[in-house]
Amino acid sequence: MTTTDTATANVPAPRLQRVIRLRDLPDFVGLRRTAIEGMIAEGKFPKPIRLSERSMAWVESDLIAWQQERIAERDGVVTNGREAADDKNPRR
């Protein structure tokens, strides 16, 4: 075994990430398809990946990160260097 073989033998293979198809997306994020499409057009929703010429999906971890950002905004937690505005945070 060479040095290169030894180094790569101890590295675990990357795991596949779950993808969410468009038909399942509304149930997954709690928004209607038209709202999701509008948010995508505005750049306010994770971008899909293309699975084939006619099929696209969203990486589950991207959707979870997007959801966590919404929760942080609701709770007034600092994200991306700014704190959520009080008028957008009725729970405070």
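Distances between placed amide hydrogens fall under 5 Å for L22 paired with M56, all partners being 5 or more residues away or on another chain.
Taking a virtual spin label 7 Å from the Cα of Q68 along the C-beta vector, which residues in the range 22-58 bring their backbone nitrogen under 16 Å of it? Inside the label zone: 46. In terms of overall dimensions, the C-alpha atoms belonging to the range 16-77 reach 41, 28, 20 Å along their principal axes, ordered largest to smallest.
Since every read-out is calculated from the coordinates, none of them should be taken as a lab result. Computed from a predicted model, the values in this text were never measured in an experiment. FYI the Cβ positions are ideal-geometry reconstructions off the backbone, even for glycines, and counts take in every protein chain you see.
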